[in-house]
């Protein structure tokens with residue numbers, strides 16, 4: 001309908017095996033001018049697909065934003081996880097086993113490998129998908 005709840009979007013990623021487009025709701029995060037997709041449920045199918053394909057779309061209503069994704073190393077995740085939990089804990093906190101935005105840096109580093117994060121940037125025309 002074109003209405004976003006607190007910034008949520010629908011992620012579309014091409015299936016790595018089937019080649020078919022798959023969709024799932026996501027909660028993008030902007031931190032210091034950079035946009036991220038965090039996988040609160042861990043290594044899900046959309047994560048595996050995005051790792052292979054490297055591009056996707058974020059949609060809200062008729063607005064479509066094509067992007068390319070780069071996975072973030074575990075060492076860089078704590079600040080992103082903290083910001084994500086601060087903004088989205090009410091919705092995804094159950095997937096973080098009691099860890100919240102106030103957790104010590106060491107705890108965020110400890111859990112980082114279980115939560116894939118991708119930096120997203122606008123796709124160039126040659127990376128954009130053709131319908």
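Readers should treat all values here as calculations from the given coordinates under stated rules, not as data from a laboratory. Please read all numbers here as calculations on a predicted model, not as lab measurements. Ideal geometry is used to build each Cβ from the backbone, glycine not excepted, and the neighbour counts take in all protein chains shown.
Using Cα-Cα distances under 8 Å and only pairs 6 or more residues apart, what relative contact order does the chain have, in percent? Numbers along the way, then the final one.
Numbers: 218 pairs, mean separation 37.8, N = 131.
Value for the chain: 29 percent.
Of 102, 14, 77, which has the largest mean-square fluctuation in a 10 Å C-alpha GNM of the chain?
102
With Cα extents along the principal axes in Å defined as stated, name the option among (1) 75, 29, 28; (2) 45, 30, 26; (3) 49, 32, 27 computed from the structure displayed.
Checking each listed value against the structure points to (2).
How big is the Kirkwood radius of segment 5-78, worked out from every pair of different alpha carbons and given in Å to one decimal?
Numbers: mean 1/r = 0.0773 Å⁻¹.
Kirkwood hydrodynamic radius for segment 5-78: 12.9 Å.
Under a plain spin-label model, where a point goes 7 Å from the Cα along Cα-to-Cβ, how far apart in nm are residue 20 and residue 8?
2.4 nm
With an 8 Å cut-off on Cα pairs and a minimum separation of 6 or more residues, tell me the relative contact order of segment 44-116 in percent. Show your work: numbers first, answer last.
Numbers: 59 pairs, mean separation 19.5, N = 73.
Normalised by residue count, the contact order of segment 44-116 is 27 percent.
How tilted is helix 77-92 with respect to the longest principal axis of the chain? Cα atoms for both, answer in degrees (0 to 90, nearest 10).
The two axes meet at around 80 degrees.
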